[in-house]
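The next block holds one structure in the form of structure tokens; read it before the comments.
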Amino acid sequence: MKAESPIVSAVAAVTILLGVCGSLHAQWLSQTNTLKPGWNAVYLHVDASHITLTNLIAVDINNPILEVWLWAPTPSTMQFIDDPLNPIDSGSQWASWIRASSGSSMLQRLIGNAAYLVRVGTNVTSYNWVVKGRPVPPKYQWTTTGLNFLGFPTVTINPPNFEAFLSQCPALYPNPNTEIYQYVGGDLGTTNPVRVFAFRTTSVKRGQAYWIRAGDYFNRYFGPFETTFSNLRGIDFGASLSSSSFRLRNLTASNLTVTLRLLTSEAPPAGQSNIAGLPPLLARASLNTTNLTYGYSNLTVSSSCVWTLAGKGQSGSEVEVVLGLNRASLTNNAGDQLAGLLRLTDSLGLSQVDVPVTATVGSTAGLWVGGAVVTQVGEYLKTYQRDASGNPVVQTNGTYVVSDVNTNLGSVPDAFPLRLIIHNPAAGNAVLLQRVFLGVDANTNSVVAQKEAALNLNYLSQARRISATHLPWTSTNLAWAFNGRFRQTTNLTTTVSLDYNDQASNPFLHTYHPDHDNLDENFSTVRPQGSESYTVQRNIRLTVQPPADDFASLTAGAQTITGEYGETITVLGLARGGGTNDTRNFEVRGIFSLNCISEVPTLTTTP
């Protein structure tokens, strides 16, 4: 056996001790390992690093485990085991936990995708060691220079024998160089582990580790299909991710059907985050070439997705699976954790791959920017009364008699765009802004501000100002409050009022034109409302609508909200009796789409 530098061993030990700690937002699954007296080989398909071995084993007086040894070879040194009879004597390739000295043991936590030797007292007949953890996607390392200590993701019920399992990979079976050793209990020696010769009658048990060697063959076969995930911790949508993908590959020579199911999580262990429910998942379907959108199918506990893959090396032997989170359907509170288990099985009944899927219900707090497109405008067409000769009927005051006013909505020749800027706080009502500033403050923290003075002068070149020119400008950058928070299930209204004497923004005023400056002939007295200018009140309505029924629209709910845009524009004129004013209303309609461009929940109002 090759030797290893003590420095490398120390680095590996620190990684084992510190690299896997912390609270996990995860799906939970229990793996039951049946232990015999003496030495047992266990392969963990779950990660239990949320708890120390002392708290998992030593505090339980009924737990008979005395030692746990983690096989942790260092790939950079090409270190290997050539003889499995006394592997723990190699020292540097192992990290151990000893019950009698648990506090000072090198190994403190159990990680997934790892092989362990577990010693149980000889006075114990049998013990079911239940380890609850986070399921992990398969990840293996194989060496051709010696024996490999690993397990296989076989099905739990009616596991296959070695002949059936390995025959899908002819380089492993039938191959006279393939050697497999398994632990059968008892002390380490010539009878434990023992070499497996009866491939036809020996089961490949899930959760059991084996020593295996196949000469100079570099193995990629750990089951009839292979999965490749970009995230080694599974699928995590977080608070904003809309979709995630993985590769599914057939490793056998014949067609293979792979089935994907969604399962619920077990209850979280003590001290871990609660799970509010299952994430609503969508499996992306093929592209609709007519409208260039992707279809989908719902992935629930009562449904499944199936792929039939061609034989290895043939066209169609590999597929990209794209899963999305239907954020538009989420009704949980912001910050709630959703979790489930994805289970992949094959038509040969050989493998079971469990993958955690998690998501966080995102908050809509932050800055939303987008626009409305006005596509319809209410008409104001009068119909005048006529006499028998067809002439207009005139009243005593000289005006024509109006018989009807048509205010129906009509389509516009060209759609008119309106920019919308909305800030949604963590608590309280959303506000509509005429302009906003994005940058960093004096402490270089990201900031969303109403005034440029709140920005760090040293980083102004990286800052941005966003403006909506259709809204009235004020020196204080007045914000108009909506009647609620901006989110998928809320319709909002606010009123923007434009004073008749607002020389900066009112479109009826022209400060340097004597007929439209709202002043008398001496340019000294402000004329009353309705004489030269009018007050304009814009009642703005955002009616949130469900997204389109396609994969991309349903999964984009965390970042995009769409709906119907409406305005009632009221023009106020001269005062009439009883304290009222002459008014005229106009309606406009369209659609809106807003995107979250900053998750900063606070709108800074002062420098």
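You can think of it this way: the chain between residue 126 and residue 375 has 82.1 nm of extra reach, that is 0.36 nm per residue less the Cα-Cα gap. Neighbour counting of Cβ atoms within 10 Å sorts the residues 30, 363, 302, fewest neighbours leading, into 302, 30, 363. Within segment 122-219, the proportion of C-alpha pairs whose separation exceeds 17 Å stands at 59%.
The convex hull drawn around the Cα atoms of segment 449-603, when projected onto a plane and averaged over every direction, covers 13.5 nm². Subtracting the Cα-Cα distance of residue 549 and residue 521 from 0.36 nm times their residue separation leaves 3.9 nm of extension gain. Once the Cα atoms are used to define both axes, helix 6-18 deviates from the longest principal axis of the chain by about 50 degrees.
Extension gain for the segment residue 270 to residue 568, taken as residue separation times 0.36 nm less the Cα-Cα distance, is 101.8 nm to one decimal.
Taking only the alpha carbons of the chain, we obtain Rg and Dmax values of 35.4, 122 Å in that order. Between residue 259 and residue 453, the modelled labels are 6.8 nm apart [label points 7 Å from Cα along Cα→Cβ]. Which FRET efficiency value, to the nearest 0.05, do you get for residue 490 and residue 157 by plugging their Cβ-Cβ distance into 1/(1 + (r/R0)^6) with R0 = 45 Å? Given R0 = 45 Å and the Cβ-Cβ separation, E is 0.40. Using only the C-alpha atoms, the convex hull of segment 225-360 corresponds to 128 Å³ per residue.
What would the Debye formula give as log10 I(q)/I(0) at q = 0.11, 0.14 Å⁻¹ for the alpha-carbon point model of segment 506-576, no solvent? Log-scaled intensity ratios, in q order: -0.52, -0.61. Oblate is the label for segment 314-469, because a/c, from the alpha-carbon gyration tensor with a ≥ b ≥ c as root eigenvalues, is 1.5 or above and a/b does not exceed b/c. Between residue 510 and residue 477, what FRET efficiency comes out of the Förster formula 1/(1 + (r/R0)^6) with R0 = 35 Å and r the beta carbon distance, rounded to 0.05? Calculated value: 0.90.
Which order do the peptides 529-541, 468-480, 554-566 come out in when sorted by mean C-beta neighbours inside 10 angstrom, highest first?
Per-residue Cβ counts within 10 Å, averaged per peptide and sorted highest first, yield 554-566, 529-541, 468-480.
Projected label points at residue 576 and residue 201, each 7 Å from Cα along the beta carbon direction, are separated by 10.3 nanometres.
Per-residue Cβ neighbour counts within 10 Å put 354, 502 in the sequence 502, 354, beginning with the fewest. Label positions at residue 441 and residue 291, each projected 7 Å from the Cα along the C-beta direction, are separated by 4.4 nm. Calculated mean residue ellipticity at 222 nm for the chain: -1000 deg cm²/dmol, from DSSP H runs with n ≥ 4 weighted as -39500 (n - 2.57), summed, divided by the residue count and rounded to 500. If you average over every viewing direction, what projected area does the convex hull of the Cα atoms of segment 420-510 give, in nm²? About 7.4 nm², averaged over all directions.
Only alpha carbons enter this Debye calculation for segment 335-406, each as an equal point scatterer, and the log10 of I(q)/I(0) it gives at q = 0.17, 0.18, 0.21, 0.28 Å⁻¹ is -0.86, -0.89, -1.00, -1.20.
Placing one equal scatterer on every Cα of segment 143-283 and applying the Debye formula, the log10 ratio I(q)/I(0) at q = 0.14 Å⁻¹ is -0.86.
Read the figures in this text as sums done on the coordinates, not as results from a lab. Note that this is a predicted model, so its numbers are computed, not measured. When we count neighbours, we look across all protein chains shown, and the Cβ atoms used for this are built from the backbone with ideal geometry, even at glycine.
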